[in-house]
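Novice: Right, I'll just put the structure down here and ask away after.
The values are calculated or read from the model by the stated rules, or taken from the named source; none is laboratory data. This structure is a prediction, so every number in the text was calculated from the model and none was measured. With ideal geometry, Cβ positions are generated from the backbone for all residues, glycine too; neighbour counts draw on all protein chains shown. Ligands, DNA and RNA are stripped out before the accessible areas are found, and what is left, the full protein with its side chains, is counted by its heavy atoms. Shrake-Rupley method; radii C 1.70, N 1.55, O 1.52, S 1.80 Å.
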Amino acid sequence: MAASPEQPGPAGLLPLLDGAPEEVAPRLLGAVLRHGEVALRLTEVEAYAGEDDPGSHAYRGPTPRTEVMFGPAGRLYTYFSYGMHVCANVVVGHEGRAAAVLLRAGEVVEGHDVARARRPRSSERDLTRGPARLCQALAITLEHGGSDLVAGPVTLEPGPAPEHWESGPRVGLRGAPERPWRFWLPGEPSVSTYRPAAARPAPSTGPGGRR
DNA sequence: CCGCTGATATTCT
DNA sequence: GAATATCAGCGGG
């Protein structure tokens, strides 16, 4: 067979994760995250770096919690938020330098009824909108932290490179300089983007502009 | 649709 | 002890 630059399925993931987090993040839009019967197409992500990023968990160097962020690319970094919620990131870049992409929202493309059963009181709109809701719908827990996204059980398969995407400030951060490191696919009917907590002075827009 | 508020455990100072 | 990469539930338009 002819040598193909990109392998299909989860095996083609690693080349995509090589680079700065804000470069890798938009590439992941449209990729399919799968766990068991449920699969979703990523529609919103957020980039986080390490030492030079005050908004990152890894800003002050490695800790027991953030150790995975300093490891090799392609692993899942999960953390417990606000005493209640689990959120998931894909570790990117190179070992020794912390970087990750937070998975903020997606569109369910498989196992819709299973996802619904896990979030019975949720509206269709809120089924997988938001990082903690996304993890709940896919049954991703803290135990999946450090697991390999190529080997599974949670996998990420690259999709076609998105033609259009938008960017803006990250959500929920305080005390960090605003960087337009949130990326999303515009025009998703069932999965709209999270709004910033406060009005932005200058919401940096991607090609096409915000709203 | 919008805005507000309480809940709750881990993490680091 | 303070802060937190959040969400559900409530009220009003």
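Novice: Quick check on A:R34: is it among the charged types (D, E, K, R), more than 24 Å from A:L173 (Cα to Cα) and either modelled with pLDDT of 95 or more or assigned to a strand (DSSP E or B) (or both)?
Specialist: yes
Novice: Could you figure out which of (1) modelled with pLDDT of 95 or more; (2) more than 15 Å from DNA strand B (Cβ to nearest atom); (3) on the phi < 0 side of the Ramachandran plot isn't true of A:A100?
Specialist: The one condition A:A100 does not meet is (2).
Novice: Evaluate the following for A:G36: is it over 18 Å from A:R182 (Cα atoms), more than 14 Å from DNA strand C (Cβ to nearest atom) and not aliphatic (A, V, I, L, M)?
Specialist: Answer is yes for this residue.
Novice: Something else about it: So A:V86 passes all but one of these: (1) β-branched (V, I, T); (2) within 16 Å of DNA strand B (Cβ to nearest atom); (3) open to solvent by less than 10 Å² (accessible area, probe 1.4 Å); (4) touching a helix residue (DSSP H, G or I) at 6+ places or on another chain (Cβ under 7 Å). Which condition number does it fail?
Specialist: (3)
Novice: Which ones in segment A:44-61 are more than 9 Å from DNA strand C (Cβ to nearest atom) and over 19 Å from A:P72 (Cβ atoms)?
Specialist: The answer is A:E44, A:V45, A:D52, A:P54, A:R60.
Novice: Right, here's the next one. Checking the conditions here, which among A:P10, A:P64 is over 13 Å from A:V91 (Cβ atoms), free of Cβ contacts under 8 Å to residues at least 12 places away in the same chain, open to solvent by 20 Å² or more (accessible area, probe 1.4 Å) and away from DNA strand C (no atom under 12 Å from the Cβ)?
Specialist: Only one candidate qualifies: A:P64.
Novice: Scan A:E44, A:E37, A:E23 and give me the residue that is without any contact (Cβ under 8 Å) to a residue 40 or more places away in the chain and among the acidic types (D, E).
Specialist: Step by step, each of A:E44, A:E37, A:E23 is checked, and only A:E23 is without any contact (Cβ under 8 Å) to a residue 40 or more places away in the chain and among the acidic types (D, E).
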